[in-house]
Amino acid sequence: MSARMPASASANLLISGGRLIDPAHGIDAIHDVYVVAGKIAAVDAKPKAFRAAQQIDARGLWVLPGLIDLCARLGEPGATDQATIASETRAAASGGITRMVCPPDTFPVMDTPAMVRMVQDRAAACGFTRVHPLGALTAQLGGERLADMALLMDAGCVGVSNGLQVVENTLVMRRAMQYAATYDLPVFVTPRDARLHGNGVVHEGEISTRLGLPAIPEAAETVGVARDLALIETSGARAHFDLLSSGRAVEMIAEAKARGLPVTASVAIHHLHWNERHIGTFDTQYKVFPPLRTERDQRALLRGVSEANIGAICSDHQPRDADAKLAPFVEAAAGIAGVDTLLPMTLQLVEQGALSMATAIAALTAHPAAIIGVDAGHLGVGARADLCLFDPALAWVLTRNSMVSHGENSPWLGHTMHGKVVATMMDGKLVYRNELCVTRLGGEA
Amino acid sequence: MKPLDQLQFDANGKLKHFLTLSGLPKETLLGILDTAESFVSFGKREIKKIPLLRGKTIVNLFFEPSTRTRTTFEIAGKRLSADVINLNAARISTSKGETILDTVRTLQAMHTDLFVVRDSASGAAHLIAAHLPAHVRVINAGDGRHAHPTQAMLDMFTIRRSKGGFEGLTVAIIGDLLHSRVARSQIHALSALGVGEIRVVGPRTLIPTEIEAMGVTATGDLRAGLRGADVVIVLRLQRERMDGQLVPSEQEYFNRYGLTEEKLQHAKPDAMVMHPGPINRGLEISSAVADGERSVILQQVTNGIAVRMSIMATIMGGVEPRP
């Protein structure tokens, strides 16, 4: 690393001439950013007595708050043959992500403080990105006994969740919400009625009928949303509905928000780009849970983001090797490795005119920060200098080689991405930089 | 992976696999039926073989049990002088152990020219075709609920022999459409061949959503569905589906949808009755109808041989020598 690169958090750093996009402060302009001791000291106007020990020439680059991904699975513990905390946090950093929230459906399950600390310690030792595990809502995610939520919170969990496992017993779910509400701990829910979901693999509609695949009706999601909204209303729990897939669910959540219920929602980036038709004839790369639904649902989800009824866009990162997708559709693994592509694919929605720049970036930064209750996702004075530099002009092709994640599962393999994160910082310290851009970042060529 | 309708064709637009009837033009279907006509007479000869596929190896790879389909494929291959190997394989549908592609590649290493594949997973034949060397052919002998194109073609053959053509025909398909790969393939074939109207009949628990998008009309009223029909296709209702959640009881199903002489009165007097087999007497069809003069159920089986010979010859016809 060259002398001009910021090596330590204490050094004064100037990021000059970049386009600063910070929706939390309504900023989208060319501004210098001044970092002192790993925190934002000033934006635009040089603080008194500031002398840059290091400087990054960010002309032509965008300066964004570090991204916060509300749903990413790391493979560890449990599936380290597919991916590890080290491999996936490194991939996240290369995608501009500085915080990721991980569902508790690991193996073993994230239902003890020791497991939570182990994951956080490992992530911290890797030093690429911050990892916030969600604690289990019920012991072993079994849906029968409450997990030690308060202890999990003490260990660092920003919320509790039952992962993709549904708490089928409504009484247990109600009590879990009441208990979580005691500690104002957000409950993350992937809304689903387990029986209606059944063994389905695609949305119930024309495509499931044509391909003869077991179907998941829209009602599998809306029944789940309706039940959980009723429980939220009477338990006082703060709830986050993640991975929404249907327009009807967005309407229900919008209506609940309008009534003042403490609910938030997020959507996976792939649900904003695709619908059931992209499955074509059994393309297992498009197999995801919840399933891709209709074009109408896709449009409604986009509208949900632009109207802020859906606050956050997540990667729903699930790294898998290529073999996992090489099976008949019913048997193939679900999921997409998404941290590498989260930012360029979100910005593509801006390019297409589907989302405004401020909305898109807020959905990756300020909104998810608010959902998990951390002071992050913005670059106001005093904030941690967690940020990324994005080169909008750098086109690259997603291949198994160019993917940093150990996952090999993405429908975007072979596609050209427009724009690339070229550097990511935590506390003003560089945790990732793109080799192609060494000169841009002030290193030796 | 290539889209299915492209995967079936070689670079010159010639049919190389037989995976689905979706997207196949009328001319291709009629060509197969015409070729099948020429094979019918062979079955009646003293020496029933022709040397079209001499020296070729066909593997009947059945991951799901079958009697009539496998047997007619075997006979069809042998009449074309190919070496035919039957494998009834069990498959472990987990990520561990030998995968379906491992099994196929192992057999491919023994220089198989054509795989006839049946599997319980929709899309299995498509997956296999997409991962074999270019000179190897695949015929789908039934994949999950998705397609059973050779069965549908033998049904078309049977209809044409009985009705002379397809134009203006009204066809009623009755029963468990939800789980039926046969019905899906029949609908594609009937639409391409230009019948007048396709009706599907059954309780809503057995009719897949948005099936109208495939160009059919759906009704729960059997009599209305049969009214004026030229062709009546009865689907098998698997007894293992009778768990009380899709239909209440065998008794009630037979009462509403079982095809009887009395209900058949609503169809045209010369309506033909078909069933892909094996039949459940007294559940979806009465013995009187199944064995009656309008039933062509056994002719369907006989025709299966000539039609499968035709399909094999069609896709193997232009096989280039192995590289």
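The values are calculated or read from the model by the stated rules, or taken from the named source; none is laboratory data. Everything numeric here is computed off the predicted structure, so don't read it as measured data. FYI the Cβ positions are ideal-geometry reconstructions off the backbone, even for glycines, and counts take in every protein chain you see. Calculation scope for accessible area: heavy atoms of the full protein, side chains included, ligands and nucleic acids excluded. Shrake-Rupley method; radii C 1.70, N 1.55, O 1.52, S 1.80 Å.
Residues of region B:125-172 that bury at least 10 Å² of accessible area when the other protein chains are present, relative to the chain alone (probe 1.4 Å, heavy atoms, ligands and nucleic acids excluded): B:His126, B:Leu127, B:His131, B:Arg145, B:His146.
Among the trypsin sites (Lys or Arg not before Pro) in region A:203-284, those located in a DSSP loop and surrounded by at most 12 other Cβ atoms within 10 Å of their own Cβ are A:Arg259.
By the scheme Lys and Arg +1, Asp and Glu -1, what is the net charge of all other residues having a beta-carbon under 12 Å from that of B:Arg91? Before the final figure, lay out each step's value.
On the way: positive: B:Arg118; negative: A:Glu331, B:Glu64, B:Glu98, B:Asp102, B:Asp119.
Net charge around B:Arg91: -4.
Annotation: the antiparallel percentage among DSSP beta bridges lying fully within region A:66-372 is about 5.
Counting only protein heavy atoms and a probe of 1.4 Å, the accessible surface of chain A is 50% carbon and sulfur.
Here's how it looks for A:Lys39: its modeled amide H is under 5 Å from those of A:Ala385, which are all 5 or more places away or on a different chain. The H on the amide N of B:Ala82, modeled in the peptide plane, is under 5 Å from the matching H of B:Leu53, each at least 5 residues off or on a different chain. Accessible area per residue for region A:66-372, computed on protein heavy atoms with a 1.4 Å probe, is 32 Å². Taking GluC sites (Glu not before Pro) as exposed when DSSP calls them loop and at most 14 other C-beta atoms lie within 10 angstrom, chain A has its longest site-free stretch at A:1-143.
Contact with the other protein chains removes 40 Å² or more of accessible area, compared with the isolated chain and a 1.4 Å probe, from these residues of region A:267-310: A:Thr281, A:Phe282. Interface burial in region A:190-221 reaches 30 Å² or more for A:Glu204, A:Glu206, A:Thr209, A:Arg210, A:Gly212, comparing the full protein assembly with the chain by itself; accessible area from heavy atoms with a 1.4 Å probe.
Could you compute the longest span of chain B free of GluC sites (Glu not before Pro) located in DSSP loops and having at most 12 other Cβ atoms within 10 Å, not counting the site residues?
Working: sites that count: B:Glu46, B:Glu98, B:Glu167, B:Glu293.
Looking at chain B, B:168-292 is the longest stretch - no exposed GluC sites (Glu not before Pro) with at most 12 other Cβ atoms within 10 Å.
Counting protein heavy atoms only, region B:149-301 has 46 percent of its accessible area on carbon and sulfur, 1.4 angstrom probe.
For chain A, set up a Gaussian network in which alpha carbons nearer than 10 Å are linked by springs, and say which option among A:Ala423, A:Ala215, A:Ala393 fluctuates the most. Maximum among the listed residues: A:Ala393.
Nearest 100 Å², what total accessible surface is buried between chain B and chain A (probe 1.4 Å)? Mind dumping the intermediate values first?
Values: alone 14090 and 16850 Å², together 29130 Å².
Looking at B and A, the buried total is near 1800 Å².
Under 8 Å for C-alpha pairs, at least 6 residues apart: give me the relative contact order for chain B, rounded to a whole percent. Before the final figure, lay out each step's value.
Working: 609 pairs, mean separation 61.8, N = 323.
Answer for chain B is 19 percent.
Looking at region B:1-90, which trypsin sites (Lys or Arg not before Pro) are in a loop (DSSP not H, G, I, E or B) and have at most 14 other Cβ atoms within 10 Å? Counting only loop positions with at most 14 other Cβ atoms within 10 Å, the trypsin sites (Lys or Arg not before Pro) in region B:1-90 are B:Lys14, B:Arg45, B:Lys48, B:Lys49, B:Arg54. Relative contact order, whole percent, for chain A stands at 21, derived from Cα pairs under 8 Å and 6 or more residues apart. Note on chain A: with a GNM built from Cα contacts shorter than 10 Å, the maximum mean-square fluctuation among A:Gly236, A:Gly280, A:Gly60 falls on A:Gly280.
At 222 nm, what helix-only mean residue ellipticity would the protein assembly as shown give, in deg cm²/dmol to the nearest 500, using -39500 (n - 2.57) for each DSSP H run of four or more? Mind dumping the intermediate values first?
On the way: 25 runs with 240 residues, N = 768.
Using -39500 (n - 2.57) per qualifying helix, the result is -9000 deg cm²/dmol.
Under 1.5 on a/c is rounded, so check that first for the protein assembly as shown, then, if it is not, pick prolate when a/b is larger than b/c and oblate when it is not; a ≥ b ≥ c are the square roots of the alpha carbon gyration tensor eigenvalues. The shape class here is prolate.
Take every Cα pair under 8 Å whose residues are at least 6 apart in sequence, average their separation, divide by the length of region B:149-301, and the relative contact order is 23 percent. For region B:108-228, the solvent-accessible area of protein heavy atoms averages 27 Å² per residue (probe radius 1.4 Å; ligands and nucleic acids excluded).
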